[in-house]
Amino acid sequence: MYKNITHIVAGFMIIMCLVMTYYLLFTDLFIEKIYGFKRNAFIVLLLGYAAYRAFRLYTTIKKDREEK
């Protein structure tokens with residue numbers, strides 16, 4: 001049961017990172033606080049973290065299916 005909750009939380013984090021990346025790229029969200037190189041670095045960081053979480057989620061689900 002706890003594995004399903006972990007999968008759901010990981011999926012939620014992936015979605016939230018992608019949504020935040022979208023808002024930073026296409027809107028003026030936090031434009032007065034984060035701009036220039038810092039903004040682009042933060043976008044890359046969010047995309048990298050989302051990719052890392054997606055990879056970890058994929059490997060965890062694959063391992064769980066192999067155990068069954």
Cα-based reach from residue 68 at 17 Å (exclusive), listing lysines while leaving out same-chain residues under 8 positions away: 3
Across every pair of different alpha-carbon atoms, what Kirkwood hydrodynamic radius in Å does the chain reach? 13.4
Helix 2-26 versus the longest principal axis of the chain: what angle, 0 to 90°, nearest 10, using Cα atoms? 20
Surface per residue (accessible, 1.4 Å probe) for the chain, Å²: 84
Expressed as an acute angle from 0 to 90° and rounded to the nearest 10, what is the orientation of the C-alpha long axis of helix 37-67 relative to the principal long axis of the chain? 10
Between the DSSP loop rule and a limit of at most 12 other Cβ atoms within 10 Å, which trypsin sites (Lys or Arg not before Pro) in the range 18-48 are left? 33
Would you work out what percent of the accessible area of the chain, with all protein chains in place, is carbon or sulfur (probe 1.4 Å)? 69
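The values are calculated or read from the model by the stated rules, or taken from the named source; none is laboratory data. Please read all numbers here as calculations on a predicted model, not as lab measurements. So basically every Cβ, Gly included, is an ideal-geometry build from the backbone, and we count neighbours across all protein chains shown. Note: accessible area is taken over every heavy atom of the protein model, side chains too, but ligands, DNA and RNA are not part of it. Shrake-Rupley method; radii C 1.70, N 1.55, O 1.52, S 1.80 Å.
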